[in-house]
1. Return only the number of the condition from (1) assigned by TED's automatic domain parsing to the domain that holds Lys176; (2) open to solvent by less than 30 Å² (accessible area, probe 1.4 Å) that His131 does not satisfy.
2. Determine which member of the set Glu37, Glu69 is surrounded by fewer than 18 Cβ atoms within 10 Å (Cβ to Cβ), assigned to a loop (DSSP other than H, G, I, E, B) and over 41 Å from the mean Cα position of the chain (by Cα).
3. In segment 784-813, what count of residues is obtained for those that are under 20 Å from Cys258 (Cβ atoms) and in a helix (DSSP H, G or I)?
4. Could you identify the single residue in Ser710, Ser698 that is modelled with pLDDT of 95 or more, out of contact with any strand residue (DSSP E or B) (no Cβ under 6 Å at 6 or more places or on another chain), of a type in the set (Ser, Thr, Tyr) and surrounded by fewer than 14 Cβ atoms within 10 Å (Cβ to Cβ)?
5. Please determine whether any residue of segment 227-246 is in contact with a Cys (Cβ under 6 Å, 6 or more places away or on another chain), open to solvent by less than 20 Å² (accessible area, probe 1.4 Å) and not in a strand (DSSP E or B).
6. Would you call Ala819 assigned to a loop (DSSP other than H, G, I, E, B) and either surrounded by fewer than 19 Cβ atoms within 10 Å (Cβ to Cβ) or out of contact with any Gly (no Cβ under 6 Å at 6 or more places or on another chain) (or both)?
7. Please name all residue pairs, on different chains or six or more residues apart, with Cβ atoms under 8 Å, provided the first residue is in segment 375-399 and is under 15 Å from Gly492 (Cβ atoms) and the second residue is among the acidic types (Asp, Glu).
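The values are calculated or read from the model by the stated rules, or taken from the named source; none is laboratory data. Computed from a prediction, not measured in an experiment: that's the story for all the values here. We place every Cβ from the backbone using ideal geometry, glycine too, and count neighbours over all the protein chains shown. To get the accessible areas, we keep the full protein, side chains included, count just its heavy atoms, and leave off ligands, DNA and RNA. Shrake-Rupley method; radii C 1.70, N 1.55, O 1.52, S 1.80 Å.
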Amino acid sequence: MIRLTIDNKEVVTEDGATILEAAARAGIRIPTLCYHEKLQPFGACRICVVEVEQMKGRLTPSCSTPATEGMVVRTSSEQIIKARKTVLELLLIQHPLDCPWCDKGGECQLQNLTYEYGVSRNRFKDKKSDHPVDYLSPLVERNTNRCVLCGMCVRVCDEVVGASEWSMVNRGISTKIATDFDRPLNCEFCGECENICPVGALTNRMFKFKARAWEVENVSTVCSFCSTGCAIKLSLKDGRIVRALGEEEGAANQGSLCIKGRFGYEYVMSGERISRPLVRKNGTLTPATWEEALQAVAEGLKAVKEQAGPGAVAGLCSARLTNEEAYLFQKLLRAVIGTNNVDNSGGYAHRGYSSGLSLPPLEFKDLQSCDRFLVIRSNVSETHPVVGYRVNVAVKQKGAQLIVADPRRIKLARFAQTYLAHKPGTEIALLNGLAHTILTEGLENREFVAARTEGIEELKKSLVQFTPSFVEQATGIAGKDLVEAARRFASGTRAAIIISAGMGFPGDDAALARCAANLALITGNAGKPGAGVLFLGEKSNSHGSVDMGAVPDLLPGPQELAKDPVRQAFAKAWGAAIAAEPGLTCEQIIAGAEQGSIKALYCAGENPLQAYPDTKKTKTAFGKLQFLVVQELFLTPTAQMAHVVLPAASFAEKDGTYTNAEGRVQRLHQALPPCGETKTDAEIFCRVAKALGKDLGSWNPAAVMAEIASLAPRYHAVSYATLTVKGHLLSDAADREAPGAEGAARFSLLPVDVIAPEAPSAEFPFTLLIGSTLFHCGTLSTRSSAICSVYPQARLEINPGDARALDIRDNDTVQVSSATGALTITAKIIARQSPGAVFIPYHFLSPAAQELASAAQLQTRVKIEKRTETSL
């Protein structure tokens, strides 16, 4: 720590801090135009100049000048104010005075500073800038006439997002911000450049001419897409959302957003929303009153329960329900209907953190202190972009070393010191190979292993076969590259392993999580900030859904259903016996429906006919159900098959909480009244229970959370009265104790067997990778016209070599066939796709990638044929 004096006030700050940072920590404001705490100092605008006594009164930019011991600083002398006024005059020489119609009005930092310093006239004269305005780029409008060359758009795009779409071109007074050859934007469309722009040079096209900053009401809530849990502000005017902003105080995102969080909110106001209950009459879904719909639900469920018992009823819920709603849903199934047949996310997309991972999750803020990253089966820059930003910062700004293992050359591979292009489906063999090399070369953290783990000898025995040559044969990774990666990972002191989960990642997530945990534990990467395994669920409440017991073998907490004291506690609280036998998983529920043992199904926000593998099988199974009730925002393919459809409120129309991938519980605040006659999922569950003759209690979210806190130890400190915008970070104190501390938890090292993926055949020579794209999350984002303006339909990504062999060109129509189905799709030739494998995103209704996938297989094999005009 160092001491200095700023404006006659003694300030204590960290050694290495700049004058601007030291002043901010002391509550002293220094104006800026080109500074942001996320970015490296730039020193372009000179608005932040200060006087330093030791520099004999010379003005110096506070944003880039390090504070030193004993320094004496003045921030607002007559000389400084005069200099700042002059800078503002110079900036205004060519700046257009179009404030009345500029969408940045009221939020423009140049406008605010001009007013603050009383710059009412300009001593300098020149022609105003007259560059053409870019009206062609989607979502972001570029008017370089307003640009002050702060460089923040260029820097945030490079240093944080890692897209490097912007640059400064030309020199001197002709300098401007541009893309290469001044083309329209073709990027990630995250809007970070527009958000950070201090003036109106870059603006949000969706917000254009809709409102002024002082006219809107901003409501804090949480993004409804991925499990990053970005805190956002919805700006409202006349009962509509006009924009979404990142919440600067948000612990998960610190103001950053991706395209989905910033531009994906339109689905809330879609005209395709279901606004009234629907009941099937004479084979047709017909609008009904809530009383009619609830009576139909109760009669349908009662009939099945009386006829075949509670085990013939099952429930599938979305991982986008709030914690309170997920809790009430599983309570409805268990306490009212009497079954543990409840699951979410296809039954497999949550297993990495519901049954496989024993380590506490990493905090997002600690990622920037990591010195090693292993990113495996995770295109984190696309599935969870804001988490990807933190990895970019750690690598590009702080010198962390990055290992990327992925069959596709994903974005992060560009920044990686080691890139491992393994065969699809061989991640477990790869992780076991890394662990084997570390142990055989003596690179493990022996002190940590001895003090905090159990089972090291059994693990060593299980890894004997995973030599570099064996792993090379299994994965396609050269033995020397495997050894280099193992040594690189083991040499770090704070290493993070990042894995993504979701409907596009079929496989044994529990085994993958255990392998990752083994690797983290033998290298001592647990129990300290910036070290461990980060398993990223696909949806906004993927982790909370597991915590709330929306799985067949766990009760809220999560706590093991098999434990008698746990069941007894819930039975006492709920006033109903809880069956000891675990319920059916999602796969088993669908199989049961096909075989006739499952006769009634309640889908709450889940759309299996579009999102689950093997669409044909699922549709056949659902067609055999005696009763299907669907609770949804839209008339999805699953809802179209229902006997009763209940219209639900969106995330913007309700209160509640989500738990994100780092274990942070955050508040949703209702921004809009429910659409039409829709109700919150919590209210619907309670009304269904009442129609069945039982009482679930209050559907008030605060009351439900209080009940959760009384039964789930991890949530005992969560209360609506104390939740702030930063949320509440869940933690197991024992797991987070320092290694060697008395009472510190011991972790089990668990051997994991490898199941080799099925080899391609002559009939189906390609491996199909189904997953998520940067622009979409699940199927909900396809309801946003803004996002679809950038990525409107699925395309087949194919390697250039494979395309040449099949005589396929960009935008050709091809047919992709598997053992379970076939579809027609447009081809996109792309170098990042590995030879022998193709990729299709699963988000779209047509072409529907999941028609090709089989739930019974870890990998999908396909053949690809070019469609000619004759074949079409």
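1. Unmet condition: (2).
2. Glu69
3. 4
4. Checking each option against the conditions leaves just Ser710.
5. Yes.
6. Yes; evaluated as a whole, the condition is true for this residue.
7. Val375/Asp406; Gly399/Asp371
Okay, residues lined up against (1) within 17 Å of Ala786 (Cα to Cα); (2) at pLDDT below 95; (3) under 18 Å from the mean Cα position of the chain (by Cα):
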{"residue": "Cys157", "(1), (2), (3)": "no, no, no"}
{"residue": "Ser167", "(1), (2), (3)": "no, no, no"}
{"residue": "Phe181", "(1), (2), (3)": "no, yes, no"}
{"residue": "Phe189", "(1), (2), (3)": "yes, no, yes"}
{"residue": "Phe207", "(1), (2), (3)": "yes, no, no"}
{"residue": "Asn218", "(1), (2), (3)": "no, no, no"}
{"residue": "Val222", "(1), (2), (3)": "no, no, yes"}
{"residue": "Ile232", "(1), (2), (3)": "no, no, yes"}
{"residue": "Ile241", "(1), (2), (3)": "yes, no, no"}
